[in-house]
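The structure under discussion is supplied below as structure tokens; questions concerning it will follow.
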Amino acid sequence: MRIVVLVKQVPDSSAERSLRSDDNTVDRGSASNVINEMDEYAIEEALRVQEAHGGEVTILTMGPEGASESIRKALSMGPDRAVHVLDDALHGSCALATSKVLAAALGTLNPDLVLCGAESTDGRVQVMAHMLAERLGVAALTGARKLTVEGGSLTIERQTEEGFEVVAASTPAVVSVWDTINEPRYPSFKGIMAAKKKPVRTLGLADLGVAAGEVGTAGASSAVVEHSKRPPRSGGVKVTD
């Protein structure tokens, strides 16, 4: 089974985060960047499927040069290889443009199963799995707390506020997961050393047949027009009774 895991590098949610003053996009240069937490659960689930059914696991990342650090960390958990979509024109891309680029990259990999986190800690839009499935013409099994693979059939338990729903589809498909699905493994020293030698393929927009005007701030369907720092917390009102 060919498995691709989408991994996004995001600013650490436990540290101070800010937007750039020139274009109101996330200031990733000054941030402490890490793998999106939900994506670590997707990596772990991909490795469990691989261990049970065989195949290869590929990490797919769209991001700046610095995202290579998160790619190597992801590879240290056990995946076989990675693809890094890297192009200066991608800066400021909205969710729609991001899905267009990722779908084009997935088209070169021809996966049976695409796994991703249910949301990213910087955007929290929870739409990428749906957008990719629509662009690829495959099923979207979203919000999984459990995934079962039997041959070419996939079944998930979709987490809801009231409990869960059982949803099934055949491969190829896109599956997004919550942090209730498993417990990600820690990279071993052997895995960290092995990750340095694993192949990482770099693709640009020209390789994917995507025009620069369709992505980035120029092609974005939405934009932040203004931002300000959160005001400091003030003291509460004391009532003596």
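The values are calculated or read from the model by the stated rules, or taken from the named source; none is laboratory data. Only a predicted model underlies this, so the values are computations on that prediction, with no experimental measurement involved. Methodologically, a virtual Cβ is constructed for each residue, glycine included, from the backbone with ideal geometry; neighbour enumeration extends over all protein chains shown. Note: accessible area is taken over every heavy atom of the protein model, side chains too, but ligands, DNA and RNA are not part of it. Shrake-Rupley method; radii C 1.70, N 1.55, O 1.52, S 1.80 Å.
With the structure loaded, tell me whether residue 166 is of a type in the set (A, V, I, L, M) and surrounded by fewer than 16 Cβ atoms within 10 Å (Cβ to Cβ) or whether it fails that test.
Details: of a type in the set (A, V, I, L, M): yes; surrounded by fewer than 16 Cβ atoms within 10 Å (Cβ to Cβ): yes.
Considered against the rule, which asks whether it is of a type in the set (A, V, I, L, M) and surrounded by fewer than 16 Cβ atoms within 10 Å (Cβ to Cβ), residue 166 comes out as yes.
Mind counting the residues in region 102-114 that are surrounded by fewer than 21 Cβ atoms within 10 Å (Cβ to Cβ) and either in contact with a Leu (Cβ under 8 Å, 6 or more places away or on another chain) or not in a loop (DSSP other than H, G, I, E, B) (or both)?
Of the residues in region 102-114, 5 are surrounded by fewer than 21 Cβ atoms within 10 Å (Cβ to Cβ) and either in contact with a Leu (Cβ under 8 Å, 6 or more places away or on another chain) or not in a loop (DSSP other than H, G, I, E, B) (or both).
Moving on to the next point. Of the conditions (1) hydroxyl-bearing (Ser, Thr, Tyr); (2) modelled with pLDDT of 95 or more; (3) more than 15 Å from the chain's Cα centre (by Cα), residue 160 clears all except one; give me its number.
With (1) hydroxyl-bearing (Ser, Thr, Tyr); (2) modelled with pLDDT of 95 or more; (3) more than 15 Å from the chain's Cα centre (by Cα) applied to residue 160, the lone miss is (2).
Out of the residues in region 41-75 meeting the condition of being in contact with an Asp or Glu (Cβ under 8 Å, 6 or more places away or on another chain) and over 22 Å from residue 86 (Cα atoms), tell me which one is least open to solvent (accessible area, probe 1.4 Å).
Top of the filtered list is 44.
Hey, another quick one. Do any residues in region 38-64 that are assigned to a helix (DSSP H, G or I) have Cβ atoms under 7 Å from those of residues that are among the acidic types (Asp, Glu) and open to solvent by less than 40 Å² (accessible area, probe 1.4 Å), where the two are at least six apart or on different chains, and which pairs are they?
38/119
Listed here are the residues, each with its yes/no results for (1) within 21 Å of the chain's Cα centre (by Cα); (2) outside any loop (DSSP other than H, G, I, E, B); (3) surrounded by fewer than 17 Cβ atoms within 10 Å (Cβ to Cβ); (4) at pLDDT 95 or above.
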site: 176; (1), (2), (3), (4): yes, yes, no, yes
site: 183; (1), (2), (3), (4): yes, no, yes, yes
site: 201; (1), (2), (3), (4): yes, yes, yes, yes
site: 225; (1), (2), (3), (4): no, no, yes, no
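Further, regarding this structure: Give the residues of region 17-40 that are in contact with a strand residue (DSSP E or B) (Cβ under 6 Å, 6 or more places away or on another chain) and open to solvent by less than 30 Å² (accessible area, probe 1.4 Å), sorted by residue number.
Scanning region 17-40 gives 31, 36, 38, 39.
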